[in-house]
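Engineer: I'd like to ask some things about the structure below.
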Amino acid sequence: MGGIEDDEPPSKRVKASSKEQRGLSNGKFLEKPANHSFAASMARPLALTSQGDDEVIGTKGVKKVEFVRIIAEALYSLGYSKTGACLEEESGIPFHSSTVTVFIQQILDGNWDGSLSSLHKIGIVEESIIKSASFMILQQKFFELLDHGKLMEALKTLRTEISPLEINSNRVRELSSFILSPTYRIIDGVSGQGMVKLKPRSQLLEDLQKLFPPTVMIPDRRLLQLVEQALDLQREACLFHNSSVGETSLFTDHHCGRDQIPSQTVQILQDHNDEVWYLQFSQNGKYLASSSSDNSAIIWEVDLDGKLSLKHRLIGHQKSVSCVSWSPNDDQILTCGLEEVVRRWDVSSGECLQVYEKGLIGLISCNWSPDGKCVFSGLTDKSIIMWGLDGKEIESLKGQKTIRISDIQLTSDGKLIVTICKETMILLIDRESRSERCIEEDQMIVSFTLSKDNKYLLVSLVNEELHLWNIQGHIRLVAKYKGHRRSRFIVRACFGGLDQSFIASGSEDSQVYIWHRGSGELIETLEGHSGAVNCISWNPANPHMLASASDDRSIRIWGLKQLHVKQKGKGKLVSGNENGNGVHYCNGATT
């Protein structure tokens, strides 16, 4: 995974002759290159598979006419008007039909009657589009007449041309108010009470373009949109794309190396005295919190060099600490004792600010409301309680809302509560309507986690599978991930990496498993722990940092593999992260 040695001089580097290089300052060459075959081979005409307007180029059925028109649109949008005109002339393919060209000029000239006549000739079939376009044109005419003080002509346009279209009646009444009210004002570029914005005619053309079918008027920057879509698809298909650093070239297909995935232990944290059950990075990526069966939790600080140091040890629980949860702004943290109490801590001082408890009933999970003003927890009596920060109970959801071994999460908009309500069922509770939806699995559920965009739920099952569910709208299963081991313990998985493009999970075989989220392919298995790996957390601010918690009482921090790069005959060790140790670029390059 390192650089390429370059000890020998290149044998194929040929310097061009002075005759071939010689040119004038105006760009014209005195002599033509000696050999045209190479240049000609680089610009072969695309093969055509049919003739006429239905000519197809390439192997994917791309129509030549559409292809040329899109290129012409790109040239014009870049300001290369002469080149665009030359393309039209040489290809014989007009950017717009002659009727559309006339229509555009009529709009720009304010020839409203002519534009309405041309509108019916430019190839639009749907009557509703013609009516909507006519309304937009006549509305522009109406406002321009008002702007020039031609009140009676504007009224005539409203009565005899706009109203008979019989569409957008509410807007017609608004237009009438400009006739009836003596206080109306039309100001170019300003809108407000008693005012209306008069659009430039060029803006009217842009609005009409969005309304028309693309075969009539090509959307702005269409070629750029297609190129960007292609780049997005290549990145999504790339198994190892995990860096936003570096430029993406159009000259080569996108490809990242395996060295983009954190797969090397860069630090081992051994300050817990027993099994480490849970860990979670803060939203800003500056802290990591871990909890253990030693009845404590630890806040670790991520230093500027990427190393973690112990900031606070949180002591106070009488039982094992089963989970932690960061506040929305990362200044406070919740810890939950196993069927015990929830404690709220100040991150800067390490002080316990509040204890949440309910008599003899144990608390089993904890999380924050998105505004940071409330705390949610699941209880052993299968209810969910919402607490104020002061420890007072605000609301309780009764019934079988949770189970003893449970997770609880809220979507970032605060609208949904997600919890395990039965051994094989996850409940999605709408906080406003109190309506409930559910995900039912065939196997017992071990744990779950919610994606950052609130669209997906990753569920870990006892049969050694991870299921990815889309929970927007109609709930559906979209992917499965297999390979890790689980038989007795709670093993947790997480989303992670750039744009959460990866899935990582702990495993009872002491390894960490990483899958590419889109393809479901297992891309890495990380060895190093000597006990079951219980929990994984991927740093949300650094896609090259991963943490794992294990029964071996340690936390491992994983980073990019170090690269041995030969520089001027000397071996140099370059670490694969951005913290002063080299920068990893996408598209396969590493420097």
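The values are calculated or read from the model by the stated rules, or taken from the named source; none is laboratory data. None of the values given here were measured: they were computed from a predicted structure. A quick note on method: Cβ atoms are made from the backbone with ideal geometry, for glycine too, and the neighbour counts reach across all protein chains shown. Ligands, DNA and RNA are stripped out before the accessible areas are found, and what is left, the full protein with its side chains, is counted by its heavy atoms. Shrake-Rupley method; radii C 1.70, N 1.55, O 1.52, S 1.80 Å.
Engineer: Working only with C-alpha atoms, what are the Rg and Dmax values of segment 405-512, expressed in angstrom?
Structural biologist: Cα radius of gyration and Dmax of segment 405-512 are 13.5, 44 Å respectively.
Engineer: Right, another one. Ignoring ligands and nucleic acids, what accessible area does PHE240 show with a 1.4 Å probe (Å², nearest 10)?
Structural biologist: 30
Engineer: Right, something else. Restricting to DSSP loop positions (anything but H, G, I, E, B) with no more than 15 other Cβ atoms inside 10 Å of their own Cβ, which GluC sites (Glu not before Pro) remain in segment 60-159?
Structural biologist: Values: sites: GLU66, GLU73, GLU88, GLU89, GLU90, GLU126, GLU127, GLU144, GLU153; in loops: GLU126.
Of the GluC sites (Glu not before Pro), the ones in loops of segment 60-159 whose Cβ has at most 15 other Cβ atoms within 10 Å are GLU126.
Engineer: Now for a separate question. Give me the number: length gained by fully extending SER396 to SER128, i.e. 0.36 nm times residue separation minus the C-alpha to C-alpha distance, one decimal in nm.
Structural biologist: Details: separation 268, 0.36 × 268 = 96.48 nm, distance 5.21 nm.
Value of the extension gain: 91.3 nm.
Engineer: Spin-label point model (7 Å from Cα, Cβ direction): what's the LEU477 to LEU498 distance in nm?
Structural biologist: If labels sit at LEU477 and LEU498, their model points lie 3.2 nm apart.
Engineer: Give me the orientation-averaged projected area of the Cα convex hull of segment 254-326, in nm², one decimal. Walk me through the numbers before you get to the answer.
Structural biologist: On the way: hull surface 25.4 nm².
That works out to 6.3 nm².
Engineer: As a test of understanding, state the convex hull volume per residue of segment 199-270 from its alpha carbons, in Å³.
Structural biologist: Numbers: hull volume 14.1 nm³, N = 72.
Convex hull of Cα atoms, per residue: 195 Å³.
Engineer: Another question, if that's okay. With 5 Å bins from zero, work out the P(r) of segment 232-391 over every alpha carbon pair and list the percent per bin.
Structural biologist: 2, 8, 16, 17, 15, 11, 9, 8, 7, 4, 2, 1, 0, 0
Engineer: One-quarter of the Cα convex hull surface for segment 398-463, in nm²?
Structural biologist: Numbers: hull surface 17.6 nm².
If I average the Cα hull's projected area over directions, I get 4.4 nm².
Engineer: Which order do peptides 534-544, 467-477 fall in by mean Cβ count within 10 Å, highest first?
Structural biologist: Working: 534-544: 22.3, 467-477: 14.1.
Most protected by this proxy first, the peptides run 534-544, 467-477.
Engineer: Next question, about the same structure. With a 1.4 Å probe and all protein chains kept in place, how much accessible area does LYS319 have, in Å² rounded to the nearest 10?
Structural biologist: LYS319 exposes around 100 Å² with every protein chain in place.
Engineer: Ok, one more. By average Cβ neighbour count within 10 Å, what is the ranking of 518-531, 354-367, 303-316 from highest down? Could the numbers behind the result be given before it?
Structural biologist: Working: 518-531: 15.7, 354-367: 17.9, 303-316: 14.1.
So the order, starting with the most tightly packed, is 354-367, 518-531, 303-316.
Engineer: Follow-up. Provide the solvent-accessible area of VAL62, counting protein heavy atoms only and rolling a 1.4 Å probe, rounded to the nearest 10 Å².
Structural biologist: Estimated to the nearest 10 Å², VAL62 gives 60 Å².
Engineer: Which entries in the list LYS82/LYS121; LYS373/LYS401; LYS307/LYS480; LYS392/LYS455; LYS121/LYS150; LYS63/LYS121 go over 26 Å, if you measure between the two C-alpha atoms of each?
Structural biologist: As for pairs spanning more than 26 Å Cα to Cα, those are LYS82/LYS121; LYS307/LYS480; LYS392/LYS455; LYS121/LYS150.
Engineer: Quick one: pull the percent of accessible area on segment 487-569 belonging to carbon and sulfur, 1.4 Å probe, ligands and nucleic acids left out. Before the final figure, lay out the partial values.
Structural biologist: Values: 1230 of 3010 Å².
Carbon and sulfur together cover 41 percent of it.
Engineer: Over segment 311-447, how many percent of alpha carbon pairs lie in each 5 Å bin up to the one with the longest distance?
Structural biologist: For segment 311-447, the pair-distance distribution reads 2, 11, 21, 24, 20, 13, 6, 3, 0, 0.
Engineer: Okay, moving on. In Å², what does the accessible area per residue of segment 337-381 work out to with a 1.4 Å probe?
Structural biologist: Working: 1760 Å² over 45 residues.
Result: 39 Å² of accessible area for each residue.
Engineer: Percent of Cα-Cα pairs per 5 Å bin, from 0 to the last occupied bin, for segment 274-316, please list those.
Structural biologist: 6, 25, 29, 23, 12, 4, 0
Engineer: How big is the Cα convex hull of segment 98-181 in projection, averaged over all directions, in nm²?
Structural biologist: Values: hull surface 21.6 nm².
Projected area, direction-averaged: 5.4 nm².
Engineer: Return the equivalent ellipsoid semi-axes of segment 372-411 as a descending list in whole Å, where each equals the square root of 5 times an eigenvalue of the C-alpha gyration tensor. Show your work: numbers first, answer last.
Structural biologist: Values: eigenvalues 62, 26, 13 Å².
Those come to 18, 11, 8 Å.
Engineer: By a straight-distance test (C-alpha under 15 Å), which aspartates and glutamates pair with LYS561 as possible cross-link partners, with residues fewer than eight away in the same chain excluded?
Structural biologist: ASP259, GLU524, GLU527, GLU578
Engineer: Please work out the FRET efficiency for the pair CYS438 and VAL172, using the Cβ-Cβ distance as r and a Förster radius of 51 Å; give the result to the nearest 0.05.
Structural biologist: Numbers: r = 48 Å, r/R0 = 0.94.
Once rounded, the FRET efficiency stands at 0.60.
Engineer: Which semi-axis lengths, in whole Å and largest first, follow from the square roots of five times the eigenvalues of the Cα gyration tensor of segment 299-392? Present the calculation step by step, with values, prior to reporting the outcome.
Structural biologist: Details: eigenvalues 118, 43, 24 Å².
Those come to 24, 15, 11 Å.
Engineer: If you don't mind, another one. Quick check on segment 456-524: what are the equivalent-ellipsoid semi-axes from the Cα gyration tensor, as sqrt(5λ), descending, whole Å? Walk me through the numbers on the way to the answer.
Structural biologist: Numbers: eigenvalues 77, 42, 18 Å².
Listed largest to smallest, the semi-axes of segment 456-524 are 20, 15, 9 Å.
Engineer: Give the residue list of GluC sites (Glu not before Pro) in segment 411-516 that are DSSP loop and have at most 14 other beta-carbon atoms within 10 angstrom. Before the final figure, lay out the partial values.
Structural biologist: Details: sites: GLU423, GLU432, GLU436, GLU440, GLU441, GLU464, GLU465, GLU508; in loops: GLU423, GLU432, GLU441, GLU464, GLU508.
Here the sparse-neighbourhood loop sites are GLU423, GLU432.
Engineer: I want to check the label-to-label distance for ASP413 and LYS121. Put each point 7 Å from Cα in the C-beta direction and report it in nm to one decimal.
Structural biologist: Here the answer is 4.8 nm between the modelled labels.
Engineer: Work through the residues other than CYS535 whose Cβ is under 14 Å from its Cβ and net out their charges, Lys, Arg +1 and Asp, Glu -1. Intermediate values should be presented prior to the final figure.
Structural biologist: Numbers: positive: ARG486, ARG492, ARG553, ARG556; negative: GLU275, ASP407, GLU508, ASP551, ASP552.
That sum, taken over residues with Cβ under 14 Å, equals -1.
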